[in-house]
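Have a look at the structure below, then the notes.
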Amino acid sequence: MRLAPSSSAELDTDSSTMVMYSSHTHLRLKYLSLGVLVLQTTSLVLTMRYSRTLKEDGPRYLASSAVVSAEVLKILVCTFLVFRENNFSVQAMKQLLKEEVVSKPMETLKLAIPAGIYTLQNNLLYVALSNLDAATYQVTYQLKILTTALFSVSMLGRRLGLYQWLSLLLLMAGVTLVQWPTESGDSEHKVLSTGSQFAGLMAVLMACVSSGFAGVYFEKILKETKQSVWVRNIQLGLFGFVFGFLGMLVYDGQRVRESGMFQGYNTITCTVVVLQALGGLVVAVVIKYADNILKGFATSLSIIMSTLISYFLLEDFNPTRVFFVGAVLVIAATFLYGYESKPASGSTNKTETSVNSAT
C-alpha cells in the first residue's frame, strides 16, 4: 500500500515531463512555421517581381500559364495530404474523394464561385507586380484586411471592436501615404517599362476586393460543413484549374498555339509556381501552431525584408519619408487588428488556408 504514493509521484513526474516536452516542441514549431511564412511570402513577391521585369532574349512566360501550373501543383499537394490523413491508404482516399467530390455535386459546385475569383486574383497579382515594386505592392496589398473585415460584417454578421475599426482607419491612411504621388525624380523608379503604376495599383485594389469576398465566402462554406479543409482545397483547385485553363486559352490562346504553354519557363518561373502553390498550405501550418498576432508579425517582417531587398538588390525602389510613414502605419494596423481579432481567429483562419498566398 505504501508504494502507491511513490508510483503516483512517478506518474506525475512523467506526465509533467511529457507536457514540458510537448510545449517545447510546439514552441519550436510555432517559430519555425513563422520563419517559413516570412521566407515564403518575401520570396514569392520578390521572385514574381523579378521574373516579370527580367529582360530575356526569348518570350516571357505567360502569367496565365503560371496560374494554371500552380493550381495543378496545389491539387497534387492537397491530394497527398488527404492520402496522409487516411493513413496512406489509396482505397480509403479514393473512397473519401468519391463521396465528398463526386457524390455531392452541389457541395462541390459551391466552390466554383471562390475558385473563379481566386483565379482572377492570382492573375491580377502578376499584373500588379509587373507594374509595382515589391515594397509598394506588399504594403498596398494589406488592404485585403479591410475588404475581408467589411465582407465579414456584411456576409457573416461579424461585429468588429473599437480597436479593429481604428486599425482599419490606420490601414487606409497608411496605404494612401504609400501611394502618395511625389514630384521628385524618385518617382521614376516606380515606373517600369512593362506598364504604369496606375495599372498596378488598380490590379492590387481589385485583388484585395476579390480576396476579401472569396475568403469570407469560403469561410462560410467551411462553417456549414465538416469536410476536410484539404478536400475543400482540392475542389477549389479543380475549379481553379478549369477557370485558369479557359482564361489562358481566351487571352493567350494564340501565343500558346505558337510557342506552347510553357514558353519562357526557367528556374525562376518554376520557383514562382511552387511558392504560389504552397503559400496557402504554409499559412495553414502557421495558423495551427501560432496565432493571428504572430502571423501579423510575420507579415510585417516580410514587408521590411521586401523593402530592403528591393532597395539594395533589385534597385527598383527608392523610398521616401512619406512611404516609410505609410508603411509604419500599415504594420501598426496589422498588429492592432490581429490583437483585437485573436479570440475569433479560429473562424477567420479557416479562410486563409485556401488563399493562394501572395501576402
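Put in line by how crowded their Cβ is, counting other Cβ atoms within 10 Å and starting with the fewest, Thr225, Thr53, Thr41, Thr136 read Thr225, Thr53, Thr41, Thr136. Among Leu275, Leu44, a tally of other beta-carbon atoms within 10 Å of each Cβ gives an order, fewest to most, of Leu275, Leu44. The trypsin sites (Lys or Arg not before Pro) found in segment 94-151 include none that occupy coil by DSSP while having at most 14 further C-beta atoms within 10 Å. For Thr320, Thr119, Thr147, the sequence from fewest to most other C-beta atoms within 10 Å is Thr320, Thr147, Thr119.
No value in this document is a laboratory result; all are computed from the given coordinates. Here the structure is a predicted model, which means the values were calculated and not measured. Every residue, glycine as well, gets a Cβ built from its backbone with ideal geometry; the counts of neighbours run over all protein chains shown.
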